[in-house]
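What follows is a single structure, written as structure tokens, with notes after it.
The values are calculated or read from the model by the stated rules, or taken from the named source; none is laboratory data. Here the structure is a predicted model, which is why all the values come from computation and not from measurement. All Cβ positions, glycine included, derive from the backbone under ideal geometry; neighbour counts span all protein chains shown.
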Amino acid sequence: MLLPRRCLAIAVGASLLAPACRPRESLQATRDRAAEASLLAQIADLQKLVAKGEAGQLYSEERIAIGLAEQTSKALLDVSLPQEMVLGERLRVRVESAQPFFRGNNAILVFQATAQDIKSSAEAHLELGGRMTNFRIEKGKLRSGIELVHFKVIDSSLGDMGSDVLENIVRGNMDTLSSLLPGLEIPVQLEESIQIAGLREGVVAVKPGALPLKMALADVLPVAERLWILLDVKAGPWETGAPPVEKAE
């Protein structure tokens, strides 16, 4: 929870007396550190991607690719925002916007949020960074989870030391806060079968039936500002039978 101003002043005073007191890290320094970690992860992930390509694991005759641009993904995310929750029965956090970044085989979401003390007027603006994980297809949609990897108070009515205290409070509730961040949901549903009505023209006759299609998620590649969804689609076996009767509206 967000400390009342009097308790916060005590905490600030104690921190000023501590011999190991360090100045508050700047927003740019925090962003640079997060960017460094992201770039190092990109190098490792790109090496894995190159190895997959050289081994012929990215392409096949039964694989299709769907590319989604960052701005399209942002539009999908904006539909689910804003979202808010209360941490520790005192701090209301409201996630207001999100921006995706698909680079170097890493899918990153950067969120802007506000935090407000329920019992006072204290307020802060937050920046949250999450890595998209656990891609899967459920009910015709590609879904992802979010692993929170970056957090910073951008500005606060509490000042620098109060912002440090706030950051420590939020860090103690990281798992709960991660559940507030919306993952990406992308419609990727394909027809489950190809229906053939049949044909009888003179000596040419084709029995009606259906060719089933099975779809499975093969891989997700965030590169060049696009999220590439690779799907393995297998057809068959052919099922002979009468085609479905369409209902009149």
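Could you look through segment 209-249, keep only residues that are basic (Lys, Arg) and either in a loop (DSSP other than H, G, I, E, B) or more than 30 Å from Arg103 (Cβ to Cβ) (or both), and pick out the one that is modelled with the lowest pLDDT? The selected residue is Lys247.
Against the conditions (1) assigned to a loop (DSSP other than H, G, I, E, B); (2) without any contact (Cβ under 8 Å) to a residue 24 or more places away in the chain, Arg94 satisfies every one except (1). If only residues of segment 53-91 that are part of a loop (DSSP other than H, G, I, E, B) and among the acidic types (Asp, Glu) are counted, the one that is surrounded by the fewest Cβ atoms within 10 Å (Cβ to Cβ) is Glu61.
If the condition is being at pLDDT below 90 and farther than 17 Å from Gly145 by Cα, then segment 94-111 contributes Arg103, Gly104. When segment 113-131 is filtered for residues that are buried (at least 17 other Cβ atoms within 10 Å of the Cβ) and modelled with pLDDT of 90 or more, only Ala113 remains.
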